[in-house]
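Written below as structure tokens is the structure these notes are about.
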Amino acid sequence: MNKIISIGWLGIKACYLNVPLEEAIQRFIAMEDITREEFDKTYKKLVHVVEFDDEFGAYEIWEEYNG
């Protein structure tokens with residue numbers, strides 16, 4: 001089973017493959033040069049996790065955000 005975590009708005013998302021959720025969040029915080037508090041206020045609701053075997057359809061990921 002694979003897992004992709006995406007953080008951010010459509011078109012400007014950061015994606016992390018098979019990374020623990022907390023590590024993905026910490027990487028995103030470092031990349032954006034923000035505090036954890038800023039992350040929790042602005043980006044926490046923009047975290048999406050999708051599990052899949054070895055392939056997935058891009059539309060499936062879009063549905064996850066817009067479903």
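The values are calculated or read from the model by the stated rules, or taken from the named source; none is laboratory data. These figures come from a predicted structure and were not determined experimentally. Don't worry about glycine lacking a Cβ; one is built from the backbone with ideal geometry, like all the others, and counts go over all protein chains shown.
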The condition of being modelled with pLDDT of 90 or more and either β-branched (Val, Ile, Thr) or part of a helix (DSSP H, G or I) (or both) holds, among Ile29, Ile12, Ile61, only for Ile29
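Name every residue in the range 15-26 that is surrounded by fewer than 11 Cβ atoms within 10 Å (Cβ to Cβ) and not in a strand (DSSP E or B), in order of residue number.
Going through the range 15-26, the residues surrounded by fewer than 11 Cβ atoms within 10 Å (Cβ to Cβ) turn out to be 17-18, 22.
Selection gives Asn18, Glu22.
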Restricting attention to the range 32-58, the residues that are surrounded by 15 or more Cβ atoms within 10 Å (Cβ to Cβ) and assigned to a helix (DSSP H, G or I) number exactly 3
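I'm trying to understand the selection: among the residues of the range 1-31, which are among the hydrophobic types (A, V, I, L, M, F, W, C) and over 24 Å from Asp53 (Cα atoms)?
Taking the range 1-31 and keeping what is among the hydrophobic types (A, V, I, L, M, F, W, C), we get 1, 4-5, 7, 9-10, 12, 14-15, 17, 19, 21, 24-25, 28-31.
Scanning the range 1-31 gives Trp9, Ile12, Phe28, Ile29, Ala30, Met31.
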